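**Student:** Here's a structure for you.
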Amino acid sequence: MLYREAGQFKTTYGDDQAVFPIRQDRWGMAIILAIAYVALPWLATDYFITSIMIPFLIYALAAIGLNLLTGYCGQVSLGTGGFMAVGAYAAYNLAIRVPELNLIVIFILAGGAAAMVGVVFGVPSLRIKGFYLAVATLAAQFFLDWAFARIKWFTNYTPSGSVAAPPLDIFGFAINTPDRRYFLILAIVTVMALAAKNLVRGRVGRSWMAIRDMDIAAEIIGIRPLRAKLSAFAVSSFFAGVAGALWAFLHLGAWEPLAFDINRSFLLLFMVIIGGLGSILGCFLGAAFILMVPLALNQIPTALGMPLSTAMISHLEFMIFGAMIVFFLIAEPHGLARLWALAKEKLRLWPFPH
Amino acid sequence: MGFFFEVLFGGFLAGVLYALVALGFVLIFKASGVFNFAQGAMVLFAALSLVRLMEWMPIPIAMLASVAIMIVFALVVERLVLRPLVNQEGIILFMATIGVSYFIDGFGQTVWGSDVYKLDVGLPNEPVIILESLFEGGILVNQFDLVAAVIAGLLVTVLAIFFQKTRIGRALRAVADDHQAAQSVGIPLRDIWVIVWSTSGIVALVAGIVWGSALGVQFSISLVALKALPVLILGGFTSVPGAIVGGLIIGAGEKLAEVYIGPTFGGGIENWFAYMLALLFLLVRPQGLFGERIIERV
Amino acid sequence: MTASGRKIGGTLLKVDNISLSFGGVRALNDVSFDIKAHEIRAIIGPNGAGKSSMLNVINGFYHPQQGTITFKDIARTDIGPYDAASRGIARTFQNIALFRGMSTLDNIMTGRLLKMKRNLFWQALYFGPARREEMEHRAVVERIIDFLEIQSIRKVPVGRLPYGLQKRVELGRALAMEPDLLLLDEPMAGMNVEEKEDMCRFILDVNDEFGTTIALIEHDMGVVMDISDRVVVLDYGRKIADGTPDEVRGNQAVIDAYLGVSH
Ligand SMILES: Nc1ncnc2c1ncn2[C@@H]1O[C@H](COP(=O)(O)OP(=O)(O)OP(=O)(O)O)[C@@H](O)[C@H]1O
Ligand SMILES: [Mg+2]
């Protein structure tokens, strides 16, 4: 009887279109935020923060970007890693060439740079669809991989091609401990996830979904396909770009182009499929899942006293991801998010199932 | 001039290898509308199976066993992936094959190991000089490349005969045109799927032998498939001649670009040049070289 | 059920000498007719006559090789679907073309997209003007939902709705565009008698209350005769008759066309 909407009447359309129309969900969200902002930094070890929470949040952010494009607008992209790289290298170049820029401004501009590149590579989406487009986005991935490896200006002519983020601060406040990095990322992810949610429940989101579900009908009710698709590419790449900048500056610290190669793109696609196409919540669930598999493969056999070799872990990881993708596409194309929604549905009816 | 032709020729030969991989894609796409991203992983898997089996048995038997493995693989894919996803949108199936690709990459390396294995099935590998009568000094090529080209040619011929002359082949073509019509030919759709996946498994084995002999059997072979994708875009997903011509264009274009304009860009443009070429081409002719233009209906 | 009490106005749309072919198939051959403001204009003809193609030409989805379309006194040879929509032409489809992954409410809201102006930035904030705009349009959509009596399926993904209701939602989406000209491609195909009556009522009410001009393709002659003001008949891509339902009914060419084809 805990999870009920009975007695909660919506008196305005605004209430009805709220992100969490049901009170229990609002409480749930408040608790999660309290844990994320208060309990975790207070209780968790540095290892947990740096190796689990930080990559989790950044992955989730990049996955949101991809999901806006693929899950909402229906344009499959295999180039997310490339767009993350644009964000990372844009941030790097801004930081070293214009040192007086505020870090937040750098992240925003990095996202903007990625958005512009995303739009350029989104142009073919006007003429080509489905897996043709997916292949076209691979072009973006390979081109960007190459550009950051071979065009030395991007890496400021460092001989090894590997670059490092300068010391970071915001308004004179140094971002130099795991907790501080974590707070910064958490704040950015919170704001951007909310923005994504707002976009998908409004005009732009509907035009994306219309294009996804039936582009011909969308055009006939007055949606301009090019505009809708390019805006999806732009917003999606903006998210990926910011995620890339965060990944480089706050997670890796120093990196080379390989950090954003095609495997990153695939991993993000897997998060979106497993978490749920067309769900913001799903991005978080998917990111958590993809991060947990290698951890589990590492920890569980070790705990059982028969540790696996690194190569073995990586092969098993491939097999598990592959199998999960097929499984979810067959059993639940809307992923973990949908399973969660179904569970809530059950709970709402419990203990009277009819 | 001789140098230009040497590069061009080398490009064509590389193109033949791409075409070999692209052919596997086309077969499956034609018969089932599935864009099989796992084709590259299949090439690796087939090559790995062969090279490890060859440690235990004579080459011909190892080859037969590898063929059998690819057929079993086709059966499993049909049962566990295609059948449950029948009637789904193409893009869902595409993503499923990405999953399949990851799975067999992991599975193959778990079962067969993940080192670099040297594959020697007795293909010649000597540089020779050809066309001396046409150019001063002739053109330097590798015998191996010539053999690869011959193999690809043979494979295409065999497939063409298979499609044109046999009952199953005709049924396959019918499926490509119209799933309903295919039913009336009297071969169940499922069997057709198993047959095409097996066939493209065998094509993958051939590609694996050629690539594996050239590069050694190793994980990177799986990525060769990515090279075949621009070929498909260029040639159209449904056209066997398209795969060949597309392969030649991409192979030659890539090599010429690397040699003549690559240095100005800092080299390594091979990795994306083919894609850009294909993309530009798509903007002009979205259906590919040999594809048919469709006007959508409402 | 006659559509009386409305003032039929001047010519809203005129198609002149439209010809359209696909490869060898001549879908439309030198077809001309007009639609007057506020009338219900039926387009009938045997299967494959070119009726849907005609609607596709009018709303800019197919591009005729020949002929002009004059809508609201502006003549064009070739328009795009976006232009047609923004100038006030809406339509439904023979094979339902709803956005299957979206709810009834969201589907109908998409009909308002052309009228919504707030940019990406405001929408990301979902605050102030963007929120207000959303609420205004939601109110319009709620009126349409009430009008079509589909309150109970507001939040249901349309993919899960029965066929008859999907057709109704599709009408709702077109209505949300507040069009001047509404093109309906077989709105009653595959419906049972009761659903057909409902649909007829909605069409007449739309025409009556909002004065929307309607062009309608329909195979059910009873319905056509009942609700339309004028009928144009196509056969093999040519116009073979044009006039009031009574005139068309008695036309020998029409009788022949229908007898020559079995339904
Ligand atoms: N996109 C297209 N590509 C090729 N041919 C087409 C296309 N659209 C229509 N046609 C052809 O044009 C002709 C007219 O088709 P149309 O759909 O307009 O007929 P219709 O009168 O609406 O028939 P129905 O009553 O069956 O809906 C048919 O021969 C059809 O096959
Ligand atoms: Mg029709």
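The values are calculated or read from the model by the stated rules, or taken from the named source; none is laboratory data. Treat the numbers as computed from the prediction; the structure is a model and nothing was measured. No Cβ is skipped: glycine too gets one built from the backbone with ideal geometry, and neighbour counts run over all protein chains shown. SASA here: full protein model, heavy atoms, side chains in, ligands and nucleic acids out. Shrake-Rupley method; radii C 1.70, N 1.55, O 1.52, S 1.80 Å.
**Student:** Only one of B:LEU20, B:LEU80 is under 19 Å from B:ILE195 (Cβ atoms) and of a type in the set (A, V, I, L, M). Can you tell me which?
**Tutor:** From the options B:LEU20, B:LEU80, the qualifying one is B:LEU80.
**Student:** Ok, one more. Scanning the stretch B:278-298 for residues that are modelled with pLDDT of 75 or more and buried (at least 20 other Cβ atoms within 10 Å of the Cβ), which turns out farthest from the other protein chains (Cβ to nearest Cβ)?
**Tutor:** B:ALA278
**Student:** Where residues in the stretch B:226-261 are open to solvent by less than 10 Å² (accessible area, probe 1.4 Å) and among the β-branched types (Val, Ile, Thr), which of them is nearest to B:VAL34 (Cα to Cα)?
**Tutor:** B:ILE233
**Student:** Another question, if that's okay. Would you be able to tell me the number of residues in the stretch C:89-109 that are assigned to a loop (DSSP other than H, G, I, E, B) and more than 16 Å from ligand 2 (Cβ to nearest atom)?
**Tutor:** Number of matching residues: 5.
**Student:** Which of the residues spanning the stretch C:81-114 are within 16 Å of ligand 1 (Cβ to nearest atom) and either more than 7 Å from chain A (Cβ to nearest Cβ) or of a type outside the set (D, E, K, R) (or both)?
**Tutor:** C:PRO81, C:THR92, C:PHE93, C:GLN94, C:ASN95, C:ILE96, C:ALA97
**Student:** Give me the pairs: first residue in the stretch C:133-152 and more than 8 Å from chain A (Cβ to nearest Cβ), second residue open to solvent by 40 Å² or more (accessible area, probe 1.4 Å) and in a helix (DSSP H, G or I), beta-carbon distance under 6 Å, and six or more apart or on different chains, which are they?
**Tutor:** C:ILE145/C:GLN151
**Student:** Scan the stretch A:82-116 residue by residue and report those that are within 18 Å of A:TYR59 (Cα to Cα) and hydroxyl-bearing (Ser, Thr, Tyr).
**Tutor:** A:TYR89
**Student:** Check A:MET271, A:MET324 and return the single one that is among the aliphatic types (A, V, I, L, M), open to solvent by less than 30 Å² (accessible area, probe 1.4 Å) and modelled with pLDDT of 85 or more.
**Tutor:** A:MET271 is the lone residue from the list that is among the aliphatic types (A, V, I, L, M), open to solvent by less than 30 Å² (accessible area, probe 1.4 Å) and modelled with pLDDT of 85 or more.
**Student:** Among all residue pairs at least 6 apart or on different chains, which show Cβ distances below 7 Å where the first residue, located in the stretch C:42-64, is under 26 Å from C:GLN252 (Cβ atoms) and the second is within 8 Å of ligand 2 (Cβ to nearest atom)?
**Tutor:** C:ILE43/C:LYS51; C:ILE43/C:ILE217; C:GLY45/C:LYS51; C:LYS51/C:ILE217; C:SER52/C:GLN94; C:SER52/C:ASP185; C:SER52/C:ILE217
**Student:** Report the residue count in the stretch C:182-198 for those that are within 13 Å of chain A (Cβ to nearest Cβ) and away from ligand 2 (no atom under 16 Å from the Cβ).
**Tutor:** 1
**Student:** In this structure, does A:VAL326 turn out to be at negative phi and at the interface with chain B (Cβ under 10 Å from one of its Cβ atoms)?
**Tutor:** So A:VAL326 fits the description; yes.
**Student:** Here is a further query. Evaluate the following for A:ALA240: is it surrounded by 19 or more Cβ atoms within 10 Å (Cβ to Cβ), within 14 Å of chain C (Cβ to nearest Cβ) and not hydroxyl-bearing (Ser, Thr, Tyr)?
**Tutor:** In short, no.
**Student:** Return the total of residues in the stretch C:24-64 being away from ligand 1 (no atom under 11 Å from the Cβ) and either assigned to a loop (DSSP other than H, G, I, E, B) or within 17 Å of the chain's Cα centre (by Cα) (or both).
**Tutor:** Total meeting the criteria: 15.
**Student:** Among the residues of the stretch C:199-254, count how many are within 16 Å of ligand 2 (Cβ to nearest atom), over 29 Å from C:MET177 (Cα atoms) and open to solvent by less than 40 Å² (accessible area, probe 1.4 Å).
**Tutor:** Of the residues in the stretch C:199-254, 2 are within 16 Å of ligand 2 (Cβ to nearest atom), over 29 Å from C:MET177 (Cα atoms) and open to solvent by less than 40 Å² (accessible area, probe 1.4 Å).
**Student:** Then there is this: Could you tell me how many of the residues in the stretch C:119-140 are assigned to a loop (DSSP other than H, G, I, E, B) and more than 23 Å from A:ASP213 (Cα to Cα)?
**Tutor:** 3
**Student:** Hand me the list of helices (runs of 4 or more DSSP H) wholly inside the stretch A:128-237 holding 2 or more residues that are open to solvent by 40 Å² or more (accessible area, probe 1.4 Å).
**Tutor:** Counting at least 2 such residues, we get A:130-150, A:178-200, A:203-213.
**Student:** For the structure I just gave you, tell me whether C:LEU13 is within 13 Å of ligand 2 (Cβ to nearest atom), assigned by TED's automatic domain parsing to the domain that holds C:HIS219 and part of a strand (DSSP E or B).
**Tutor:** Answer is no for this residue.
**Student:** Among the residues of the stretch C:35-67, count how many are under 18 Å from C:ILE89 (Cβ atoms), open to solvent by 30 Å² or more (accessible area, probe 1.4 Å) and away from ligand 2 (no atom under 16 Å from the Cβ).
**Tutor:** Matching residues across the stretch C:35-67 total 3.
**Student:** Would you pick out the residues in the stretch B:112-152 that are free of Cβ contacts under 8 Å to residues at least 12 places away in the same chain and either in contact with a Pro (Cβ under 6 Å, 6 or more places away or on another chain) or in a helix (DSSP H, G or I) (or both)?
**Tutor:** Selection gives B:VAL150 alone.
**Student:** Still on this structure, please answer the following. Residues C:GLY237, C:GLY243, C:GLY222: which one is farther than 30 Å from A:ARG203 by Cα and within 16 Å of ligand 1 (Cβ to nearest atom)?
**Tutor:** C:GLY237
**Student:** Kindly check whether there is at least one residue in the stretch C:158-179 that is polar (S, T, N, Q) and either open to solvent by 20 Å² or more (accessible area, probe 1.4 Å) or within 19 Å of the chain's Cα centre (by Cα) (or both).
**Tutor:** yes
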